[in-house]
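**Student:** Here you go, one structure.
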Amino acid sequence: MSQAVLEPDATAGRGMDLLRFATAGSVDDGKSTLIGRLLYDTKTIFEDQLEAVETASASRGDEYTNLALLTDGLRAEREQGITIDVAYRYFATPRRKFIIADTPGHIQYTRNMVTGASTADLALILVDARKGLVEQSRRHAFLTSLLRVPHLVLCINKMDLVDWDKAVYDKIADEFTSFAAKLDVPDLTTIPISALNGDNIASRSDKSPWYEGSSLLHHLEHVHIASDRNLVDVRFPVQYVIRPQSTTVTDYRGYAGQVASGILKPGDEVMALPSGMTSTIASIDTADGPVGEAFPPMSVTVRLNDEIDISRGDMICRRNNAPAVAQDIEAMICWMDETAPLRVGGKYAIKHTTRTARAVVRGLQYRLDVNTLHRDESADGLALNEIGRVKLRTTVPLLADEYRRNRTTGGFILIDESTNRTVGAGMIIEAR
Amino acid sequence: MSQTKPYRVSHLDALEAESIFVMREVMAEFERPVLLFSGGKDSIVMLRLAEKAFAPARIPFPVMHVDTGHNFPEVLEYRDRRVASLGLNLVVASVQEAIDAGQVRELPDGTRNRIQTPVLLAAVEKYRFDALFGGARRDEEKARAKERMFSFRDEFGQWDPKNQRPELWSLYNGRHHPGESIRVFPLSNWTELDVWHYIAKEDIPLPDIYYAHDREVVERNGMFYAVNEFIRLRDGETSEVRRVRYRTVGDASQTAAVLSEADTVEKVIDEVAATRITERGATRGDDKVSEAAMEDRKREGYF
């Protein structure tokens, strides 16, 4: 443990921003060790946790403190030696706070990866330098691009076991880069690491003088995420109408919500959907007073100058830049339910922004093999962890954008109305 | 796209915006939400977020305290003051009353953390609450790291970690049948340090016990317990007056203090940033029972 250690800085706490990233890989790739290493090197691991891990490592007969044990969660997982579910972990450096969605590699892999990637700014994929790219690495890369995660980092791990051979690294990095090019991955970085020894994690390692990039932590701290947000298309899904019932505040009617995209300012001419009525923004309120502008991900309350009928599920946008008001939706759907497959003719509840409707599956164009990207047009359903292109018809219009343009107004979930389970996740390709 | 402004938000503002979004979703989609309020710092922060989510309207749901009867008087006094100033309806689910009525039985060791659960569930049933806001954070404990923002509970209030609903984007599925309920954790993505930074930023008053003060304590297993009506000296133990503060506030018979000189929020933040032991590891006797103590309690319907 000779790496530089970054002290959390108490005074820096207020100026940091937030980066969410998803990790993908199996235990064998060293993913848990890498996460343990990031937590350790940023001093996120506490003494009582480390003590517990040291005890557990010793009783297992490990030769070193097994940092992978830090991320073991539930009893069932320890008993079965697997990870069941997405786990969320946190660490911070003076520059950034990080939220890791740690997705397991084995069971229900696709469902968990899609869940973790849905909110991620960055995805981190691990491969074992000795094995190179495997089927799973390609699947990870595909899901990252399907979910439109803006940044992708490929960590080529266990470089110590290939003697830090540059040729090994180059071969894997080149192969992955050419595969990613087919997938429309906007930003790809590759880093040679040893999670076990901490090389190129918190600081650059002297074992890879040929590597000119930054350490993983430096990259995570500096990757530019501010421009990932869509600041062009004004989309404000109305969550809740605030109308105080009190004698001190009268005639207040505010539309509460979180800005999905775009920038709203008082005085802006806006349109409410689905009514199409227009007005201007009178004020953008917060509990700390009115603000001069609102942008994602701010939660605010918008007041308009005209009394027009707006309720939960409606959307405030601009007249010349509005989402589709659409009942016919084409989308890529990832199926997440083990009890029953998606079938043509199936009816589900659909939740999209703050609007809930019902949807019927009109057609399944193809099922996609996430390993080969082969399209199977003869498929008649989607089972758990399968992905396909689906046509839906909804009972009421959705106010929808293409997912590639807007992750908030382009994503939806399907819910089984008898079990209430979340059974599918959809990314809109076309809405009309 | 050229940008003249960075349009950045700090991590605290992003966390606040997410928590407010979650609270508004609950208010829009549930019939009878309630906020679990213990007078502890996390529930205090949660209450502030509720205030901000619905301003200028009042918080549109009641708060509930599951009262073990093992309280720090400063915390009860704070609870009543805060509830009164916000004009809220307070529901107290009393463990003592449940014991007196024979609904639950006192455990041999006298601790009441575990028997809070049936009292909580009885109150949920009585008042037909369908959404319960809790202040739990995922960084607290490994079972909580896998908890959802909207956590489904069956008609027995049980959590089934293997059968959780996937949670994508900011689309939360709160659907449930009558008798079932959803626990909602708006602070899921906050850490202990985030909570303290937010308390400082918002200038939120806390019960005095969160700041360094002199107290008569007894040391047990490296933890410092206040000597009071719930914790008495055992044979061979001696008490001493030490300068301490509490990092968490739970059942007064099981919550320990830490040695501290931090008597302001800024000093507490410095200590939290420098501390090397988890908040629960340092202060909660109840979590030390087994590796899966929290997981087991959550399955039974605990917070």
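Computed from the coordinates by the stated procedures, all read-outs in this text should not be read as laboratory data. Computed from a prediction, not measured in an experiment: that's the story for all the values here. No Cβ is skipped: glycine too gets one built from the backbone with ideal geometry, and neighbour counts run over all protein chains shown.
**Student:** Residue B:259 label point, 7 Å along Cα→Cβ, cut-off 14 Å on backbone N: hits in segment B:214-253?
**Tutor:** Inside the label zone: B:215, B:217-225, B:240-245.
**Student:** State, to one decimal in nm², a quarter of the convex hull surface area for the C-alpha atoms of segment B:207-287, i.e. the direction-averaged projected area. Walk me through the numbers before you get to the answer.
**Tutor:** Details: hull surface 20.9 nm².
Taking the Cα atoms of segment B:207-287, their convex hull projects to 5.2 nm² on average.
**Student:** Here is a further query. Give the total of Lys-Lys pairs in chain A with Cα-Cα distances below 27 Å; include a pair only if its members are 8 or more places apart or on different chains.
**Tutor:** Going through chain A pair by pair, I get 28.
**Student:** Based on other C-beta atoms within 10 Å, arrange A:337, A:85 from fewest to most. Show your work: numbers first, answer last.
**Tutor:** Details: A:337 21, A:85 25.
Arranged by neighbour count, lowest to highest, A:337, A:85 become A:337, A:85.
**Student:** For A:227, A:378, A:215, what ranking results if the residue with the fewest other Cβ atoms within 10 Å of its Cβ goes first? Present the calculation step by step, with values, prior to reporting the outcome.
**Tutor:** Numbers: A:227 12, A:378 7, A:215 22.
The order, fewest Cβ neighbours first, is A:378, A:227, A:215.
**Student:** Please give the charge dipole size of the protein assembly as shown, origin at the Cα centre, charges +1 on K and R Cβ atoms and -1 on D and E Cβ atoms. Round to the nearest 20 debye. Could you put the intermediate results ahead of the total?
**Tutor:** On the way: 93 positive and 110 negative charges, 393 e Å.
Dipole size: approximately 1880 debye.
**Student:** Per-residue counts of other Cβ atoms within 10 Å, averaged by peptide: what ranking do you get for A:29-42, A:196-209, B:201-214, highest first? Walk me through the numbers before you get to the answer.
**Tutor:** Details: A:29-42: 24.6, A:196-209: 19.2, B:201-214: 17.0.
Highest to lowest by the protection proxy: A:29-42, A:196-209, B:201-214.
**Student:** Any idea what Rg and Dmax come out to for segment B:20-110 if you just take the C-alpha atoms, in Å?
**Tutor:** 15.0, 48
**Student:** Further question on the same structure: Using R₀ = 51 Å, calculate the FRET efficiency as 1/(1 + (r/R₀)^6) where r is the Cβ-Cβ separation of residue B:203 and residue A:212; round to 0.05. Before the final figure, lay out the partial values.
**Tutor:** Numbers: r = 47 Å, r/R0 = 0.92.
The computed FRET efficiency comes out at 0.60.
**Student:** In peptide B:258-267, what is the residue-averaged number of other protein chain Cβ atoms found within 10 Å of each Cβ?
**Tutor:** Numbers: counts 0, 0, 0, 0, 0, 0, 0, 0, 2, 1.
Rounded to a whole number, the mean comes out at 0.
**Student:** Per residue of A:110-122, what is the mean number of Cβ atoms on other protein chains within 10 angstrom of that residue's Cβ? All intermediate terms of the calculation are to be shown ahead of the outcome.
**Tutor:** Details: counts 0, 2, 1, 0, 2, 5, 3, 1, 6, 6, 0, 0, 0.
For peptide A:110-122, the averaged partner shielding equals 2.
**Student:** Any idea what the relative contact order of chain A is, in percent, if you count C-alpha pairs under 8 Å spaced at least 6 apart? Could the numbers behind the result be given before it?
**Tutor:** Working: 979 pairs, mean separation 50.8, N = 432.
Reported relative contact order: 12 percent.
**Student:** If r is the Cβ-Cβ distance from residue A:275 to residue A:182 and R0 is 35 Å, what FRET efficiency results, to the nearest 0.05?
**Tutor:** Working: r = 43 Å, r/R0 = 1.22.
The formula returns an efficiency of 0.25 here.
**Student:** Let me ask another. Quick one: length gained pulling residue A:429 to residue A:48 fully straight, 0.36 nm per residue minus the C-alpha distance?
**Tutor:** Values: separation 381, 0.36 × 381 = 137.16 nm, distance 4.86 nm.
Taking residue A:429 through residue A:48 to full extension adds about 132.3 nm, to one decimal.
**Student:** Using a 10 Å cut-off on Cβ to Cβ distances, tally the other chain neighbours for every residue of A:418-428 and report the average as a whole number. Before the final figure, lay out each step's value.
**Tutor:** Values: counts 1, 2, 8, 7, 11, 3, 2, 4, 1, 1, 0.
For this peptide, the per-residue mean of nearby foreign Cβ atoms is 4.
**Student:** In addition: I'd like the trypsin sites (Lys or Arg not before Pro) in segment B:68-127 restricted to DSSP loop residues with at most 14 other Cβ atoms within 10 Å, sorted by number.
**Tutor:** On the way: sites: B:79, B:81, B:82, B:105, B:112, B:114, B:126; in loops: B:105, B:112, B:114.
Counting only loop positions with at most 14 other Cβ atoms within 10 Å, the trypsin sites (Lys or Arg not before Pro) in segment B:68-127 are B:105.
**Student:** Take A:210, A:164, B:190, B:196 and order them by how many other Cβ atoms sit within 10 Å, fewest up front. Write down the numbers at each step before the final one.
**Tutor:** Values: A:210 12, A:164 19, B:190 29, B:196 26.
Lowest count first: A:210, A:164, B:196, B:190.
**Student:** Report, in debye and to the nearest 20, how large the dipole of segment A:324-431 comes out about its Cα centre when Lys and Arg carry +1 and Asp and Glu carry -1 on their Cβ. All intermediate terms of the calculation are to be shown ahead of the outcome.
**Tutor:** Numbers: 15 positive and 14 negative charges, 72 e Å.
For segment A:324-431, the charge dipole is close to 340 debye.
**Student:** Pulled fully out, how much extra length does the chain show between residue A:307 and residue A:347, if you take 0.36 nm times their separation in residues and subtract their Cα-Cα distance? Intermediate values should be presented prior to the final figure.
**Tutor:** On the way: separation 40, 0.36 × 40 = 14.40 nm, distance 3.62 nm.
Length gained, residue A:307 through residue A:347: 10.8 nm.
**Student:** OK, next. How far is it, in nm, from the label point at residue B:213 to the one at residue B:7 when both lie 7 Å from their Cα along the line to the Cβ?
**Tutor:** Roughly 4.8 nm, to one decimal.
**Student:** Let me ask something else about it. Which value in nm describes the separation of the simple spin-label points at residue B:31 and residue A:383, placed 7 Å from the Cα toward the beta carbon?
**Tutor:** Each label point is offset 7 Å from its Cα along the Cβ direction, giving 3.9 nm.
**Student:** Take residue A:373 and residue B:101, extend 7 Å from each Cα along the Cα→Cβ direction, and tell me the distance between the two endpoints in nm.
**Tutor:** Placing both labels 7 Å beyond Cα along the Cβ direction yields 6.4 nm.
**Student:** Quickly estimate the mean residue ellipticity at 222 nm for the protein assembly as shown, helices only: each DSSP H run with n ≥ 4 gives -39500 (n - 2.57), and the total goes over all residues, rounded to 500.
**Tutor:** Computed mean residue ellipticity for the protein assembly as shown: -7000 deg cm²/dmol.
**Student:** By how many degrees, between 0 and 90 and to the nearest 10, does the Cα long axis of helix A:135-146 differ from the longest principal axis of chain A?
**Tutor:** So the helix axis and the longest Cα principal axis differ by about 30 degrees.
**Student:** Taking R0 as 41 Å, what FRET efficiency do you get between residue A:170 and residue B:76 from their Cβ-Cβ distance, rounded to the nearest 0.05?
**Tutor:** So, using R0 = 41 Å, E works out to roughly 0.05.
**Student:** Taking the Cα centre of each part, how many Å lie between segment B:42-117 and segment B:159-225?
**Tutor:** 14 Å
**Student:** Would chain B count as rounded, prolate or oblate if I go by the C-alpha gyration tensor, calling it rounded below 1.5 in a/c and otherwise prolate when a/b exceeds b/c, oblate otherwise? The partial results should precede the final answer.
**Tutor:** Values: a/c = 1.65, a/b = 1.19, b/c = 1.39.
Because a/c hits 1.5 or more and a/b fails to exceed b/c, chain B counts as oblate.
**Student:** Only helices at least 24 Å long along their axis, Cα-based, and averaging -1.0 or more on Kyte-Doolittle count here, so list those DSSP H runs from chain B. Before the final figure, lay out the partial values.
**Tutor:** Numbers: long enough: B:11-29 (27 Å, 0.34).
Passing helices, by number: B:11-29.
**Student:** Under 1.5 on a/c is rounded, so check that first for the protein assembly as shown, then, if it is not, pick prolate when a/b is larger than b/c and oblate when it is not; a ≥ b ≥ c are the square roots of the alpha carbon gyration tensor eigenvalues. Before the final figure, lay out each step's value.
**Tutor:** Numbers: a/c = 1.56, a/b = 1.12, b/c = 1.38.
Verdict is oblate for the protein assembly as shown.
**Student:** With +1 assigned to the C-beta of every Lys and Arg and -1 to the C-beta of every Asp and Glu, and no other charges, what is the dipole magnitude of segment B:207-287 about the Cα centre in debye, to the nearest 20? Don't skip to the end; give the middle numbers.
**Tutor:** Numbers: 12 positive and 17 negative charges, 35 e Å.
For this selection, approximately 160 debye.
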